[in-house]
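The values are calculated or read from the model by the stated rules, or taken from the named source; none is laboratory data. Every value quoted in this text rests on a predicted model; they were computed, and no experiment measured them. Every residue, glycine as well, gets a Cβ built from its backbone with ideal geometry; the counts of neighbours run over all protein chains shown. In case anyone asks, the SASA skips ligands and DNA or RNA and just uses the protein heavy atoms, side chains included. Shrake-Rupley method; radii C 1.70, N 1.55, O 1.52, S 1.80 Å.
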Amino acid sequence: MEIIKTKDYMELSEYAGKIILDEIKSEKKTLICLASGDTPLGTYTYVADALKGEDLSKYNFVFVGLDEWVGMDKNDKGSCQDYMQRDLFGKLNLAPGQLVEFNAKSDNLEEECRKMDTFIKENGGLDLVILGVGMNGHLGLNEPGTSFDKYSHVVDLSDNTKEVAKKYFDTERKLEKGITLGIKHFLEAKKEVLIISGSKKADIAKKVAEGEVSEDIPATSAKLHKNSCLILDGESSSKL
């Protein structure tokens, strides 16, 4: 795993944004998976500004949704899909079929997992995955202890994730489960990019960058990938 230290959050955002833009504009068909959350916000602003007003139907890419809280969709304020709509997707001129996401309101979540796995497999796997890293080292909603051999699956949320997630909602929401792509998807992607920013994540950044590979810290799985990188800003890299 390549470790890239940028000067600050703006430089991190631009660096990751250029990776996304290159993938969107590549001539081959490509599947791009992007995480919601605070860390990638600057990256998505950079991408949205670069593609403002552009007809994206000329490009052969599909955005694949990473995860969602069970029982929510883009119409629920604070959901993962709501954030992605506000931060990126809703700012782009996407063509029909250029966005595929979980239906986390489905009565059959296992079938939703199978449908997503089949779609990804039939389209040659993910080409680019951009992932933030949780305070406990989670990727998507793959919590500590999750097997690296899992594809899409339904998860029981950790207390840490439920506590952190409160900031995304204006009103109290009961979060118990999530649906997410699995670490196996990330390991099989053509390129995996982790981004970490801010001083509050300096400790987890050090563990991911310098620690042993362990299911206790899902983000360390990126070290098993043949084409992965960890992009840090000045604050998150302060303890390396």
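Computed values, structure above
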item	result
Karplus-derived HN-Hα couplings along the stretch 211-218 (A = 6.51, B = -1.76, C = 1.60, θ = phi - 60°), whole Hz, x at Gly and Pro	x, 6, 5, 7, 5, 5, 10, x
Relative contact order (%) - criterion: Cα under 8 Å, at least six apart; region: the chain	25 percent
Heavy-atom accessible surface of the chain: percent carbon and sulfur, 1.4 Å	46 percent
Accessible area per residue in Å² at 1.4 Å probe, computed on the chain	46 Å²
Rounded accessible area of ILE4 (nearest 10 Å², 1.4 Å probe)	20 Å²
Top of ALA219, ALA50, ALA16 by mean-square fluctuation, Gaussian network on the chain, Cα under 10 Å	ALA50
For the chain, built as a Gaussian network whose Cα springs stay under 10 Å, the top-fluctuating residue of ASP49, ASP216, ASP127	ASP49
Fluctuation leader among THR180, THR39, THR171 - the chain, Gaussian network, Cα springs under 10 angstrom	THR171
Mean residue ellipticity (222 nm) of the chain, computed from DSSP H runs ≥ 4 via -39,500 (n - 2.57), nearest 500	-8500 deg cm²/dmol
C-alpha center-to-center spacing [the stretch 80-153, the stretch 184-216] in angstrom	18 Å
Solvent-accessible area of TYR59 with every protein chain in place, 1.4 Å probe, in Å² to the nearest 10	40 Å²
Of LYS190/LYS223; LYS25/LYS58; LYS7/LYS166; LYS166/LYS206; LYS5/LYS201, pairs whose Cα-Cα distance is over 18 Å	LYS7/LYS166; LYS166/LYS206
SER214 long-range amide H proximity, modeled H, under 5 Å	THR220, SER221
Candidate aspartates and glutamates for bridging to LYS207, where Cα separation is under 17 Å - those fewer than 8 sequence places away on the same chain excluded	GLU2, GLU143, GLU215, ASP216, ASP233, GLU235
Rounded FRET efficiency, nearest 0.05, which uses the C-beta distance separating ILE4 from GLU54 and R0 of 22 Å	0.20
Inter-label distance, nm, simple model (7 Å from Cα along the C-beta direction), ARG86/SER199	2.7 nm
For GLY65, residues with placed amide H under 5 Å, excluding near neighbours	VAL100, GLU101, PHE102
Table column - 3J(HN,Hα) (Hz), the stretch 67-72, Karplus curve with 6.51, -1.76, 1.60, x for Gly and Pro	6, 6, 6, 4, x, 10
